[in-house]
Amino acid sequence: MMMQPSAQQYAVSRPLYSEDDFAEEYQKITRHHKTLPDHVKAYFTCDSKRAKNAALSLFPVIGWMRIYRIKEWLLSDMVSGVSTGLVSILQGLAFALLAELPVSYGLFTAFFPALVYCILGTSRHLSVGAFPVLSLMVGAVVTRLVPDNGSPANITGFEGLTMDQQRVVVASSVTFLMGIFQLAMGVFQVGFLVMYLSDTLISGFTTAAAIHILVSQLKFVLALPVRCKNGPFSIICTLEQIFSQITDTNVADLVMSIIIILVVFAVKEVNDRFKAKLPAPVPIEVIVTIIVCGVSYGFNFKEKFGVDVVGKMQPGYETPIAPNIEVLQQSAVEAFPMAIIGFSVAFSVAKVYSIKHDYVLDGNQELIAFGASNMFGAAFRSFAASTALSRTAVQESTGGKTQIAGFISAMMAMIVTMWIGFLLEPLPKSVLGALVVVNLKGMLMQFREIPYLWRKDRPDCVVWIATCIAAILLGLDLGLAAGVGVELLTVVFRTQFTRCCVLANIRGTDIYKDRKDYLHIYEPEGTKIFRMPAPIFFANIEFFKGKLIESVGFNPLRVLRKRNKALRKIKKLLKSGELQITEKGLLHTGSASIKESDDESNMEGLDQPTDFQNLPIQINWNAELPANICVPKVDVHSVILDFAAVSFLDISALKGLKAILKEFIRVDVEVYIVACDVYILEKLHSCMFFDAEIKTSIFFLTLHDAMLHILEKHPDQSEGKHTYKDLKMNPYHSNSAACLRSRDKTVAECRC
């Protein structure tokens, strides 16, 4: 079958290179690699330029304020700040219910963290404040230490405080500890660790959190006295309580909640469908809140229908408090995953808008910003802050350009706290619960990812499902840990059991592909090319060896042992005179052969190189042997290991690789390693990998170089049914001169 030439071609003429030949011809630059003292010295060295960069890095507000366009941006930021502030206020009130706190403390979370982030954050569009998942996790700690029924935990500092005050102390303390974790990760530049939480894991986790949030809000929507429980399977217990009391539902609360959910959902759908035509999204949450507050006040819902309302709002701000040390000690297990989740979600959202508007985010500075925000906010009784996708979308879609919008949003929360908070006192809690439920749509719709993940990447699908189920049943903290464990297992399986393949040559080119994938390929007789596209380390070295043995078709260690056993028998028969050396080879003159079991008493030395010392002839192991001595035949003379995709080797892998190479060499199979990374080569030299059997000459620059070298050494092996001209022939002109190989080791592509 003739192949048509492509529009573009290239021709290369160069010597055939092994790594040794290339090193001799091209001098390598000796680079100085910085040592640990060098890095420490550089870290603590300070000059004016570095001080300026450090200030700009620590206070990003300086950078964007210097380029602020007042005429073009200020009005947009003001409009965006007012719109975002209204949403932030309502979400703060609603998410305070998730944290099991008086709703007025949600206003604190909408103010203090946002204020600090405006100064320290690198995102220009992120709206910082309450986040439902974190609020729920804070609520779990709060109800564990200060339950609805029963005595609170024995903690010094709770004496003389009401239950609400105790809960505020717990929430602010766990938030302070969460901030410490985030700040420490940022200071020590370990923000990259958070990247181990994949988007798939975060999606499964937040979906499970949405289920928890939905269940937790049913007690407000239905106005039922549900005792919150924590720990594994708490969601089942909560549902059991709800359904056992379902007949006690307050009809007024339920009707109001259903109406609010339907109206807000419908308007949000309109906002999404016509967002390109609307100058700004319709603030439906604000509108229904104002309407319901007025109706509730005018018709006295609390007295007439027994509706539970927000009640007395905290006027103004309270004096700062220090975190409770005992609460810090008892909440460390929950605070760390809160720190991770809060930053991961916020950074993922911020990254979307930084790409859209073309500016750079600094992950470590974001950790510092969130850590400082949560620590500062906790001192003034706010609870854990991150972001909410819907709130950030409002800030960006209404024209927000910088964190001036975030500052104005925080001022809106301050105005409500200081002067007009009393207007929210008649607001039914069921309305806040309904607003929480309707805002779960985005997280709950993530279930649609399952079919896509199953079709495209099943290990990722397993991570999503396992994380979601574990977080639903075991709780958010244990569920996150279980999800990380499953994710790490998938990484292990991907690297430990990667897809290995045997390569063959695409005729007339220097291209090598999996022999199972192409029809017109050429696999030289006696040569195997093996590729493992993964790092080789302690966990997969045995898998590597097993796949290599499977690919070549024989176990070199078994062959070596058989040969050494056979050699012992031959020497024994020669010594006894039962074997004679003739011109035709060995002649068996004895009456019987030695059985396999007759020579298995001494197993020592069978793994060593075959010793032909004191043997007057050379034995051809692939020929028929006398005395019915049987040795496996080996029809492979060369094995090439393609290391192009091997990124590192550890010590265990080095030992295993050295062992398998020696086994092949000892059965007269030449092994070549191609496309090896320079740092792996340096490690092989430093770890004394090379010796009398394994030499540096086995390393070649490219796969084609090694193949042509094998042709030089085994010209006779390339003759037969297919000739090595298949490797050299120009693919477009079958009669053109072959010029891929020459005796002076020059490689050249045929020119058409």
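Scan the helices (runs of 4 or more DSSP H) fully inside segment 278-367 and keep the ones with 2 or more residues being closer than 30 Å to Gly483 by Cβ. Before the answer, list the steps.
Details: elements: 284-299, 301-305, 325-357.
Once the helices (runs of 4 or more DSSP H) in segment 278-367 are filtered for at least 2 residues that are closer than 30 Å to Gly483 by Cβ, what remains is 325-357.
Among the residues of segment 690-740, what is the count of those that are among the small types (Gly, Ala, Ser), open to solvent by 40 Å² or more (accessible area, probe 1.4 Å) and modelled with pLDDT under 90? First the steps, then the outcome.
Our first condition is that a residue be among the small types (Gly, Ala, Ser); within segment 690-740, this holds for 692, 697, 706, 718, 720, 734, 736-738.
Right, trim to open to solvent by 40 Å² or more (accessible area, probe 1.4 Å) and you get 692, 697, 720, 734, 737-738.
Among the residues that remain, those that are also modelled with pLDDT under 90 are: 720, 734, 737-738.
Here the count works out to 4.
Condition check: surrounded by fewer than 19 Cβ atoms within 10 Å (Cβ to Cβ), touching a residue at least 24 places away in the same chain (Cβ under 8 Å) and among the hydroxyl-bearing types (Ser, Thr, Tyr). Does Thr467 satisfy that?
Answer is no for this residue.
In the list Leu177, Leu193, which residue meets the criterion of being out of contact with any Ser or Thr (no Cβ under 8 Å at 6 or more places or on another chain) and within 21 Å of Ala372 (Cβ to Cβ)? Even if it seems obvious, please write down each step before you answer.
On the way: Leu177 fails: out of contact with any Ser or Thr (no Cβ under 8 Å at 6 or more places or on another chain).
Just a single option satisfies the conditions, and that option is Leu193.
Scan segment 395-418 and tell me whether some residue there is open to solvent by 40 Å² or more (accessible area, probe 1.4 Å) and out of contact with any helix residue (DSSP H, G or I) (no Cβ under 9 Å at 6 or more places or on another chain).
Yes - at least one qualifying residue is present in segment 395-418.
Is at least one residue of segment 346-355 touching a residue at least 24 places away in the same chain (Cβ under 8 Å) and among the charged types (D, E, K, R)? Explain how you work it out, then say what you get.
Filtering segment 346-355 down to residues touching a residue at least 24 places away in the same chain (Cβ under 8 Å) leaves 346-350, 353-354.
Narrowing further to those that are among the charged types (D, E, K, R): none.
No.
Just the residues that are farther than 20 Å from Asp20 by Cβ and either out of contact with any Leu (no Cβ under 7 Å at 6 or more places or on another chain) or modelled with pLDDT of 95 or more (or both), please, taken from segment 665-678. Steps first, answer last, please.
The first filter runs over segment 665-678 and keeps only residues farther than 20 Å from Asp20 by Cβ, leaving 666-669.
Answer for segment 665-678, where residues must be farther than 20 Å from Asp20 by Cβ and either out of contact with any Leu (no Cβ under 7 Å at 6 or more places or on another chain) or modelled with pLDDT of 95 or more (or both): Asp668, Val669.
Residue by residue, here is whether (1) more than 33 Å from the chain's Cα centre (by Cα); (2) touching a residue at least 60 places away in the same chain (Cβ under 8 Å); (3) surrounded by fewer than 22 Cβ atoms within 10 Å (Cβ to Cβ) holds:
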residue	(1), (2), (3)
Leu134	no, yes, no
Leu145	yes, yes, no
Asp148	yes, yes, yes
Ser151	yes, no, yes
Ile155	yes, yes, yes
Phe158	yes, no, yes
Leu161	yes, no, yes
Arg167	yes, yes, no
Thr175	no, yes, no
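Go over the candidates Leu58, Leu93 one by one and state the one that is surrounded by 11 or more Cβ atoms within 10 Å (Cβ to Cβ), closer than 26 Å to Ser382 by Cβ, in the same structural domain as Ile368 (by the TED database) and touching a residue at least 60 places away in the same chain (Cβ under 8 Å). Write out each step before concluding.
Details: Leu58 fails: in the same structural domain as Ile368 (by the TED database).
The match here is Leu93.
Scan segment 563-580 residue by residue and report those that are open to solvent by 50 Å² or more (accessible area, probe 1.4 Å) and modelled with pLDDT of 80 or more. Can you show your working first?
Narrowing segment 563-580 to residues open to solvent by 50 Å² or more (accessible area, probe 1.4 Å): 568, 571-572, 575-576, 578, 580.
Within segment 563-580, Arg568, Lys571, Lys572 meet the criteria.
Can you list the helices (runs of 4 or more DSSP H) lying wholly within segment 1-99 that have 1 or more residues being within 32 Å of the chain's Cα centre (by Cα)?
Working: elements: 19-25, 36-44, 48-58, 60-66, 70-98.
Per the criteria, 36-44, 48-58, 60-66, 70-98.
For segment 177-193, name all the residues that are part of a helix (DSSP H, G or I) and loosely packed, with under 14 Cβ neighbours inside 10 Å.
To start, the set of residues in segment 177-193 that are part of a helix (DSSP H, G or I) comprises 177-187, 191-193.
Hits for segment 177-193 are Val187, Phe192, Leu193.
Looking at Gly483, Gly508, Gly475, which is the one that is surrounded by 16 or more Cβ atoms within 10 Å (Cβ to Cβ), assigned by the TED database to the domain that holds Tyr522 and small (Gly, Ala, Ser)? Walk me through how you get there before you give the answer.
Numbers: Gly483 fails: assigned by the TED database to the domain that holds Tyr522; Gly475 fails: assigned by the TED database to the domain that holds Tyr522.
Going through Gly483, Gly508, Gly475 in turn, just one is surrounded by 16 or more Cβ atoms within 10 Å (Cβ to Cβ), assigned by the TED database to the domain that holds Tyr522 and small (Gly, Ala, Ser): Gly508.
The values are calculated or read from the model by the stated rules, or taken from the named source; none is laboratory data. The shown structure was predicted, so the numbers you read here are calculated from the model rather than taken from an experiment. Because the Cβ atoms are built from the backbone with ideal geometry, glycine has one as well, and the counts that use them run over all protein chains shown. SASA here: full protein model, heavy atoms, side chains in, ligands and nucleic acids out. Shrake-Rupley method; radii C 1.70, N 1.55, O 1.52, S 1.80 Å.
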